[in-house]
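The values are calculated or read from the model by the stated rules, or taken from the named source; none is laboratory data. Note that the structure is a prediction, hence the values are computed from the model and not measured. We place every Cβ from the backbone using ideal geometry, glycine too, and count neighbours over all the protein chains shown.
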Amino acid sequence: MAAPTEASVQAAAETPQAEQISASTQSLEVTVDDSFAATGLQWNSNGAEIFIRYRPVMENGEMYICGAYSNRGGSIFSRLGRQAVNGSTVKMNGDTIMRGVGFFNVVSNANREAELVGTTAFCRNTGLSPSREEFATVQIDVPTGRYRIQR
């Protein structure tokens, strides 16, 4: 899975408002669309993977990180996927602004063919009010390397 493309970051910068506000001022829900960047990890050559879609949004002058993900490959890979999202970091201008995106919505792998477009993304407030230039640099780093299945 690749880092966000210039086009996806551009689209995110042009569409920064959340579509639907939840009851809490610290969280939002938005619908995944083509402006969401994609990333993830492939666990093996048989197609087991975690696929993540994410996007920063601005609401009431503060930035939220929104995302959804799906797992393919069975329960072991679902557990690895949870470890991956919990260990991921959100960066802006290369600096870590959030650790762990385990709050992202886990959606059915049946949505994978559509690249999760149309599913609901869960969002969390960063407490930051970045400039448009800083906003455009937001990305998620999924840790690579060894994962250990916890029993």
Name the single residue, out of those in the stretch 74-98 being more than 14 Å from the chain's Cα centre (by Cα) and charged (D, E, K, R), that is nearest to I52 (Cα to Cα).
R79
For the stretch 93-124 the number of residues that are under 14 Å from S78 (Cα atoms) and aliphatic (A, V, I, L, M) is 2
With the checklist (1) in contact (Cβ under 8 Å) with a residue 60 or more places away in the chain; (2) assigned to a loop (DSSP other than H, G, I, E, B); (3) touching a helix residue (DSSP H, G or I) at 6+ places or on another chain (Cβ under 9 Å) in hand, flag the one item G102 doesn't pass.
(1)
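For residues that are in a helix (DSSP H, G or I) and touching a residue at least 12 places away in the same chain (Cβ under 8 Å), scanning just the stretch 46-77, find the one that is surrounded by the most Cβ atoms within 10 Å (Cβ to Cβ). I'd like the intermediate steps shown before the answer.
Restricting attention to the stretch 46-77, the residues satisfying the condition of being in a helix (DSSP H, G or I) are 75-77.
Still in the running and touching a residue at least 12 places away in the same chain (Cβ under 8 Å): 76-77.
On the way: I76: 12, F77: 22.
Step by step, filter the stretch 46-77, then rank; the result is F77.
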From the residues in the stretch 21-36 that are surrounded by fewer than 19 Cβ atoms within 10 Å (Cβ to Cβ) and part of a strand (DSSP E or B), which one is modelled with the highest pLDDT?
T31
Give the residues of the stretch 78-129 that are of a type outside the set (A, V, I, L, M, F, W, C), touching an Asp or Glu at 6+ places or on another chain (Cβ under 7 Å) and crowded, with 19+ Cβ neighbours inside 10 Å, sorted by residue number.
S88
V138: passes all of (1) surrounded by fewer than 15 Cβ atoms within 10 Å (Cβ to Cβ); (2) in contact (Cβ under 8 Å) with a residue 12 or more places away in the chain; (3) of a type in the set (V, I, T) but (1)
